[in-house]
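Worksheet: one structure, shown below.
No value in this document is a laboratory result; all are computed from the given coordinates. A quick note: this is a predicted structure, and the numbers were derived from the prediction, not measured. Note: ideal-geometry Cβ built from the backbone for every residue, glycine included; neighbour counts use all protein chains shown.
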Amino acid sequence: MRGHSFIYSTLTYSILLAATQALPFAAGTAQAQVPLNARPAIGGQVDAQHQFILDYAKQPGVEMSTNGVAYRFLRKKEPAVGQQPNPSNRIRVHYEGRLTDGTVFDSSYQRDETAVMSLEKVVKGWVEVIPRMHVGDKIEMVIPAEMGYGQKGSGDGVIPAGATLIFKVELFEVMPGELRSKGAG
């Protein structure tokens with residue numbers, strides 16, 4: 001059905017996503033394509049952005065999360081040992097974020113300095129995939145807009161509305177979550 005544009009309502013997308021979350025996802029399978037093809041239009045970029053993810057998912061070694069984040073390990077420690085982060089941790093990483101046209105919008109590599117961040121304060125795509133890593137692993141993930149900045153894009157305009165995000169991330173350290181100040185509730 002190439003060339004046809006199917007735009008479903010958010011309700012239809014939610015129903016399809018909920019129905020497919022219980023199914024095992026494998027790259028290139030019909031099950032993996034259902035939620036991506038059924039996503040609602042965001043910023044007029046649905047077809048090209050989600051086609052990018054579908055094409056990426058066909059590459060060897062690519063896995064698909066239940067919420068449509070495609071990822072593959074570029075370096076994986078074997079056997080998988082070492083600490084894995086959970087959503088309440090802080091992590092020290094090197095990363096590069098780019099758009100599907102290759103535009104780099106953020107890079108700790110370019111700053112020549114690793115970044116420390118809380119997994120509670122990053123886009124949903126990171127929260128879903130980074131906990132699958134062990135210290136020492138390097139991963140590439142392709143995050144659909146719904147798991148990134150969505151319809152709003154980034155506040156500074158660097159990331160447009162509906163943009164698919166591509167990140168390469170190297171995990172160096174897992175640390176306890178941020179300490180809350182006294183009186184914080």
*Take the Cβ-Cβ distance between Asp112 and Ala48 as r, set R0 to 41 Å, and report the resulting FRET efficiency rounded to the nearest 0.05.*
0.80
*aspartates and glutamates within cross-link reach of Lys124: Cα-Cα under 16 Å, excluding same-chain residues under 8 positions apart?*
Glu140, Glu146
*Within a Cβ distance under 11 Å of Ile166, other residues only, what is the Lys/Arg minus Asp/Glu net charge?*
-1
*Lys138: net charge of surrounding residues, Cβ under 13 Å, Lys/Arg +1, Asp/Glu -1, itself excluded?*
+2
_Which aspartates and glutamates, if any, have their Cα less than 18 Å from the Cα of Lys138, not counting same-chain residues under 8 positions apart?_
Glu63, Glu78, Glu96, Asp106, Asp112, Glu113, Glu128, Glu170, Glu173
*Can you find, among Ala145, Ser65, Leu165, the residue farthest towards the positive end of the dipole of region 65-175? Put +1 on the C-beta of Lys and Arg, -1 on that of Asp and Glu.*
Ser65
*With r defined as the distance between the Cβ atoms of Gln59 and Asp101 and R0 fixed at 25 Å, what FRET efficiency is calculated, to the nearest 0.05?*
0.85
_Förster radius 22 Å - calculated FRET efficiency between Gln151 and Ser88 (Cβ-Cβ, nearest 0.05)_ = 0.20
